[in-house]
Amino acid sequence: MTADLQSVLEQYAQLAVHVGLNLQPGQRLFIARAPLEAAPLVRAITTAAYQAGAKLVSTMWEDEEATRLRFQHAPHASFTEFPQWMADAWLQATKEGDAVLTIRGQDPDLLKGMDAELVGLVQKVRWQHLRPALDITANNGTNWLVIAAPVTSWARRVFPHLPDDQALAQLWDAVIHMCRLDQPQPTVAWETHLAQLVARREAMTARQFSSLHYRGPGIDLRIGLPSDHVWVGGASVTQRGFSFVPNLPTEEIFTLPHKDRVEGVVSASMPLSYGGTLIKNFKLEFSKGRVIDFSAQQGVEALRQLLASDEGAARLGEVALVPHDSPIAQTGILFFDGLIDENAACHLAFGSAYPLSLQEGAAMNAEAFMAAGGNKSLVHVDFMVGSQHLDIDGISADGSVQPIFRQGNWAFDVEGEGE
Ligand code: ZN
Ligand code: ZN
């Protein structure tokens, strides 16, 4: 790493607390998930949170080794077990309006070789228990944030030819760059970037395309968009009325597809790490919004389990646009982590749609939301389809066609760009 680690941790903590969570004085901070190896970062965040006036910071630690040991040693029939207290803790924190932080960082191939059915089951049981809390955060019931922390097992997978210490340092360098911590004033850099995302999403919302047409290698897909869809991304606003940025880094703007109007074929442009299993070179065929056929070079069983999670898991809940010239894509590195890779490329998501990507969606009950075209599912899993070869057209209700992406980048300008 080029920079001194302690000052990096402090800067990253400031970014998470002030730009990401926008932690309010007197608020409690619930760190819902943190890898043990990220303890130095968690301590820096804890310090920054108390300095910002947090009343209490508490952390739920996660040990990936223990996760794997369960698959190696637990009784086969025990995989529907879940610690209910953990789900209760998430739910109570979100209901009481605590800020919620999730820190990702694990070996993307942690459960390689384990029984795919059990891996799928554990993910599904986890979604089932956490769904009530996730529904509150998905509706911005409180300020929440997901960030990534470099850990050795993950760094090893991203830089397999380097010794551990160098791999970890390289991963830190990448995170520093994509979080704009290498800019003279990271906070100012983020303000500028977030303003550009606002201009993009407003331009797209105003156009109200009836569908998007994706073309690229192994891709010919038409994605219907519901009327009154809203493009969101960058900063969000809590129900209490203050802004926050739910993902750092973030480069995407997204909305919801119409759950019944997706037609054609799409090939993933990057592997998908799902619950500790890598799914590689997969291809999907859609009809009337549903996956009707699929294949994968590796991890096809995990993909089958994912799609079979429930009725909504084989339909789309998100369509996100990320230009290929974004800082993450420009690293040219595959991170095998959803949070980072999804901000390097245009992506889609299996499963639930965000109610906020439909006008009045947050106020609708499940039936009304689905009638308007929104998808409901326990799962929400992003997968990447973007590359420098992707072209996207926007098609209006009158049939007119407008270029949106050409060769992986925006095909039109908005105000505030070009600096
Ligand atoms: Zn996304
Ligand atoms: Zn997503």
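The values are calculated or read from the model by the stated rules, or taken from the named source; none is laboratory data. Fair warning: this is a prediction, and the values are worked out from it, not measured in the lab. In this analysis, Cβ positions are derived from the backbone assuming ideal geometry, glycine residues included, and neighbour counts consider all displayed protein chains. These accessible areas exclude ligands, DNA and RNA; they are computed on the full protein's heavy atoms, side chains included. Shrake-Rupley method; radii C 1.70, N 1.55, O 1.52, S 1.80 Å.
A few comments on the model shown:
- Residue match in segment 288-301 (condition: under 30 Å from Leu168 (Cβ atoms) and within 16 Å of ligand 1 (Cβ to nearest atom)): no
- Within segment 263-281, if we keep just the residues that are more than 16 Å from ligand 1 (Cβ to nearest atom), crowded, with 20+ Cβ neighbours inside 10 Å and of a type outside the set (Ser, Thr, Tyr), the residue that is nearest to Ile328 (Cα to Cα) turns out to be Pro271.
- Scanning segment 182-204 for residues that are closer than 16 Å to Val322 by Cα and β-branched (Val, Ile, Thr) yields a total of 1.
- Among residues of segment 384-409 that are at pLDDT 95 or above, those with a beta-carbon under 6 Å from a residue that is assigned to a strand (DSSP E or B) and among the hydroxyl-bearing types (Ser, Thr, Tyr) at least six positions away or on a different chain give the pairs Ile392/Tyr214; Ile395/Ser211.
- Within segment 227-269, considering residues that are of a type in the set (Asp, Glu) and in a loop (DSSP other than H, G, I, E, B), the one nearest to ligand 2 (Cβ to nearest atom): Glu252
- Some residue of segment 315-337 being buried (at least 22 other Cβ atoms within 10 Å of the Cβ), within 30 Å of Trp154 (Cβ to Cβ) and of a type in the set (Ser, Thr, Tyr): no
- Residue count, segment 298-314 (criterion: in contact with a strand residue (DSSP E or B) (Cβ under 6 Å, 6 or more places away or on another chain) and either in a loop (DSSP other than H, G, I, E, B) or open to solvent by 50 Å² or more (accessible area, probe 1.4 Å) (or both)): 2
- Residue selected from segment 147-166 under the condition surrounded by fewer than 21 Cβ atoms within 10 Å (Cβ to Cβ) and without any contact (Cβ under 8 Å) to a residue 24 or more places away in the chain, by the criterion farthest from Ala44 (Cα to Cα): His161
- Which numbered condition His389 fails, given (1) within 16 Å of ligand 2 (Cβ to nearest atom); (2) open to solvent by 30 Å² or more (accessible area, probe 1.4 Å); (3) not β-branched (Val, Ile, Thr): (1)
- Selection of segment 95-147 for residues being in contact with a Gly (Cβ under 9 Å, 6 or more places away or on another chain) and at positive phi yields only Gly97.
- Which numbered condition His324 misses (of (1) on the phi < 0 side of the Ramachandran plot; (2) in contact with a Ser or Thr (Cβ under 8 Å, 6 or more places away or on another chain); (3) within 16 Å of ligand 2 (Cβ to nearest atom)): (3)
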